[in-house]
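Colleague: Would you mind keeping the following structure in view while I ask a few things?
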Amino acid sequence: MRHDSLQNLLAEQFAAAIAQVTGRPADQIDPAVRPAGDPQFGDYQCNAAMALARPLKAKPREVAQRIADAVTPLLADIAEPLEIAGPGFINIRLKGEFLSQHLSEIPAPRAAGIEGSRDQGIEVDRVGLPPVERPLRVVVEYSQPNIAKQMHVGHLRSTIIGDVFARVLAFEGHEVIRQNHIGDWGTQFGMLIRWYREHPLPTPQVHADVLEAIENDYRAAQQRFDHDEQFAAEARLAVGALQSGDPQARQVWERLCAESWRAFTELYEHLDVLLTPENVRGESFYNDRLPLIVEELRQKLGTAGAPATAHEQSHRADAASAPRGRRALLRADQGALVIYLYDDQGEPLFKNPEGQALGMIVQKSDGAYLYATTDLAAIRFRLKELEFPSGGIGAQRVIYVTDARQKLHFQMFFACARAAGWITDDVRVEHVTFGSVLGPDRKPLKTRAGQTVKLRELLDEAEKRAYALLENRDQGSKGSRDQGIEGSRDRGIEGPRDQGEEAPAVQFSEDEKREIARRVGIAAVKYADLRNDRTADYVFDWDKMLALQGNTAPYMMYAHARIRSIYRKAAERFGAPDVYAPHVRLVITHPAERALALRLARLREAISDVATNLTPHTLCTYLYELAADFMRFYESCPVLAAPDETARLSRMRLCDLTARTLKLGLGLLGIEAIERM
Ligand code: ARG
């Protein structure tokens, strides 16, 4: 089985052909092979001719013809005769025989050596996709809630999106370490430590929701801090006590951490995300390193005492030339230590709205360190010290998932870390942002009482609504039978019924119904978040996300269950044939069959796309289109009533490949497909 996607396979051949035409080495050529804009013209297209026309001093169409001539022998088994269109696009249509061959290489689920993703040992059916040849050591940082506060909808997106990256990259074969950079350090703990000198710490014996009780105390302590000077002074002293390791202060802090983690872990399990307590490396972990970080910055960046004029700044910055022609300067500013960054022209990289250089404070005049200092320590740790299970040291790719409001902070500390030589050109460091979750009024989602929505409440509601949906559906399908979705004909989402396919009566016990509701509810919330371009805001809409039609989790899960049911029925009727037996041939003739086969063959492309560009919605789109392709296929290519055995076995195998692909894809999105629904 090839490691590469179809697109890469074609790109390779086109690069070789363009090398022949231009005399340039193939590895320096961008063959510009893309999926076709309009399937009418083919499956893929090569757009390289236009850019080559000038250097070759020829008309683009002529260049296209030369490339097409050179590539044709290389594609003999792969593509139909090429077509040149418009100014010089080369349209590529894959041969049915090639698609059939390609898909035939996907082994039966068990023979596929149901292989675990490297770090989890979770059993997954890889649907024939081997891991990448050159795995990287990757850190994915996500979720990052704060101690003593309940997780709210603001943490939902980071948690859901980050989890997809962790799953997809691990599936691709990379070595992934998940990091939960929990906010567990800072001056706010002074208030709480002071507070709990006079109040008992909440306990599970007394409080149904300990974290909620702690958060209430937090708010009360904050109030008092703002109005009671004595209290505020003592709270500040308590910060010092905590930092210098005072046992009592430490004990309170540890209890707060433990209770918060417990609540977070429960939520992660409920949400079915991979984060465990082992992935927690909170801000406090870096505390001891902060003085060293500042010291190293002092050594690596230029330093200056007094505030400097712009001219002096750029002049001094010269002294500390950093990689990429940038310069960084560490300056003492009224007792605080501030980093300023400049481009190679000596212009500040970051400016405030007034146009003045914007610095990043790494130590305050009272000696305290900041959020940014911790982030510098964390990135240095991840790139230089973190040990991976394979024994390798230091990540080669670091992904941070936070909301877009922190963009500037990330840009600044990345630039500092570059200047300090921690981020080098051979590593990839990415800040992955996302938009807000909005209410129906298009303002950030709030409860009716105007409060932030607690994640826990949100998930409970999701389940309740999913349960009601199942109930309604069952009542809606009337008749005397208790039918599952499989049996409800009136929904119209399931496409036509095959000749001979009967509406089955699926009986679900109360427990089963609850379990399905749980999975569908969580899946709906996750999928509604993932299906949009993550940088956009989206409106949280229960009815839409739980709809059985459209690009929703219930629809996708239903499609999977339906395909399984079609397969089961055929298997029952025809004596459970082995559709992966060597003599079974995939026959790709009907256009709908071909469209489905092509979509299935593009799975690697869809997954790699998420791994490279960190865009979960592209995988959602792929799966949605796959489901649609399947329904069209099923409309015109009956399975149970196939004309002969060859066609039936081939179509059954396409059913199975589709269900396996859906299941894998949903799994990578953190959604568990179900067999019956
Ligand atoms: N705990 C922070 C918050 O809730 C997010 C941390 C983001 N990660 C980081 N490395 N700064 O806003």
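The values are calculated or read from the model by the stated rules, or taken from the named source; none is laboratory data. Bear in mind that the values here come from a model prediction, so they are computed numbers and not experimental data. Don't worry about glycine lacking a Cβ; one is built from the backbone with ideal geometry, like all the others, and counts go over all protein chains shown. The accessibility values were calculated without ligands, DNA or RNA, using every heavy atom of the protein model including side chains. Shrake-Rupley method; radii C 1.70, N 1.55, O 1.52, S 1.80 Å.
Colleague: Give a residue-ordered list of calculated ³J(HN,Hα) values for the range 508-522 (Karplus: 6.51 cos²θ - 1.76 cosθ + 1.60, θ = phi - 60°; whole Hz; x for Gly, Pro).
Modeller: 10, 6, 4, 4, 4, 4, 5, 5, 4, 4, 4, 5, 5, x, 5
Colleague: Please go through the range 326-429 and write out the GluC sites (Glu not before Pro) that DSSP classes as loop and that have at most 14 other C-beta atoms within 10 Å. Don't skip to the answer; put the middle values down first.
Modeller: Working: sites: Glu354, Glu385, Glu387; in loops: Glu354, Glu385.
Filter output for the range 326-429: Glu354, Glu385.
Colleague: Tell me the carbon and sulfur percent of the accessible area for the chain, rounded to whole percent, probe radius 1.4 Å.
Modeller: Numbers: 14580 of 30200 Å².
Whole-percent figure for carbon plus sulfur exposure: 48.
Colleague: Within the range 572-677, list the chymotrypsin sites (Phe, Trp or Tyr not before Pro) lying in a DSSP loop whose Cβ has at most 16 other Cβ atoms in a 10 Å radius.
Modeller: Values: sites: Phe574, Tyr580, Tyr622, Tyr624, Phe630, Phe633, Tyr634; in loops: Phe574, Tyr580.
Answer by residue number: Phe574.
Colleague: Moving on. For Ala108 and Glu672 in the same chain, what is the full-extension length gain: residue separation times 0.36 nm, less their Cα-Cα distance, in nm? List each step's numbers first, then the result.
Modeller: Numbers: separation 564, 0.36 × 564 = 203.04 nm, distance 2.03 nm.
Length gained, Ala108 through Glu672: 201.0 nm.
Colleague: Taking the Cα centre of the range 27-107 as the origin, how large is its charge dipole in debye, to the nearest 20, when only Lys and Arg (+1) and Asp and Glu (-1) carry charge on their Cβ atoms? Before the final figure, lay out the partial values.
Modeller: Details: 8 positive and 11 negative charges, 99 e Å.
So the dipole magnitude of the range 27-107 works out to roughly 480 debye.
Colleague: Can you give the charge dipole size of the chain about its Cα centre, rounded to the nearest 20 debye, using +1 on the beta carbon of Lys and Arg and -1 on the beta carbon of Asp and Glu?
Modeller: On the way: 85 positive and 94 negative charges, 203 e Å.
In debye, rounded to 20, the chain gives about 980.
Colleague: Which one of Ala420, Val273, Leu470 is farthest out on the positive end of the charge dipole of the chain, using unit charges on Cβ (Lys, Arg +1; Asp, Glu -1) and the Cα centre as origin?
Modeller: Final value for the positive-end residue is Ala420.
Colleague: Which of rounded, prolate or oblate describes the chain when judged by the alpha-carbon gyration tensor and an a/c cut-off of 1.5?
Modeller: Values: a/c = 2.54, a/b = 1.33, b/c = 1.91.
In terms of gyration-tensor shape, oblate.
Colleague: Right, something else. Please state the equivalent ellipsoid semi-axes for the range 5-114: what are the square roots of 5 times the Cα gyration tensor eigenvalues, largest first, in whole Å? The partial results should precede the final answer.
Modeller: On the way: eigenvalues 164, 46, 25 Å².
Here the semi-axes work out to 29, 15, 11 Å.
Colleague: What is the angle, in °, between the Cα long axis of helix 553-573 and the longest principal axis of the Cα atoms in the chain? Nearest 10 is fine, range 0 to 90.
Modeller: Between the helix axis and the principal axis of the chain, the angle is about 40 degrees.
Colleague: A further question on this structure: Hey, how many Å between the Cα centroid of the range 123-154 and the Cα centroid of the range 584-642?
Modeller: Rounded to whole Å, the Cα centres lie 26 Å apart.
Colleague: Could you check what % of the DSSP bridge pairs in the chain are antiparallel, to the nearest 5?
Modeller: Numbers: 29 of 50 bridges.
Once the DSSP bridges in the chain are tallied, antiparallel ones form about 60 percent.
Colleague: Right, next: Taking θ as phi - 60°, what are the ³J(HN,Hα) couplings along the range 438-446 by the Karplus curve (6.51, -1.76, 1.60), each to the nearest whole Hz, with x for Gly and Pro?
Modeller: Residue by residue, the range 438-446 yields 10, x, x, 7, 6, 9, x, 4, 9 Hz.
Colleague: With a sphere of radius 11 Å drawn around the Cβ of Gly391, what net charge do the other residues whose Cβ falls strictly inside it have (Lys, Arg +1; Asp, Glu -1)?
Modeller: Neighbour charge sum, excluding Gly391 itself: -1.
Colleague: While we're on this one: So what's the back-of-envelope 222 nm ellipticity for the chain, counting only DSSP H runs of four-plus at -39500 (n - 2.57) apiece and dividing by all residues, rounded to 500?
Modeller: -15000 deg cm²/dmol, from helical runs alone.
Colleague: Per residue, how much accessible area does the chain have with a 1.4 Å probe, in Å²? Provide the component values of the computation, followed by the final result.
Modeller: Values: 30200 Å² over 677 residues.
With all protein chains present, the chain gives 45 Å² per residue.
Colleague: Which net charge results for the neighbourhood of Gly154, defined as the other residues with beta-carbon distances under 15 angstrom from its beta-carbon, given Lys and Arg at +1 and Asp and Glu at -1?
Modeller: On the way: positive: Lys149, Arg157, Arg405, Lys443, Lys446, Lys454, Arg456, Arg534; negative: Glu215, Asp403, Glu457, Asp529, Asp537.
Value of the local net charge: +3.
Colleague: Would you please calculate the Kirkwood hydrodynamic radius of the range 493-650 over all C-alpha pairs and express it in Å, rounded to one decimal? Numbers along the way, then the final one.
Modeller: Working: mean 1/r = 0.0568 Å⁻¹.
Final number for the Kirkwood radius of the range 493-650 is 17.6 Å.
Colleague: Sticking with this structure for a sec: May I ask for the net charge around Gln188, where only other residues with Cβ less than 15 Å from the Cβ of Gln188 are counted and Lys, Arg are +1 while Asp, Glu are -1? Let's see the in-between values first.
Modeller: Details: positive: Lys149, Arg194, Arg219, Arg224, Arg236; negative: Asp184, Glu215, Asp217, Asp226, Glu234, Glu283.
That sum, taken over residues with Cβ under 15 Å, equals -1.
Colleague: Shifting gears a bit: Would you work out which of Asn180, Leu548, Pro638 lies farthest towards the positive end of the dipole of the chain, given +1 charges on the beta-carbon of Lys and Arg and -1 on that of Asp and Glu, about the Cα centre?
Modeller: Comparing the listed Cα positions along the dipole, Pro638 ranks first.
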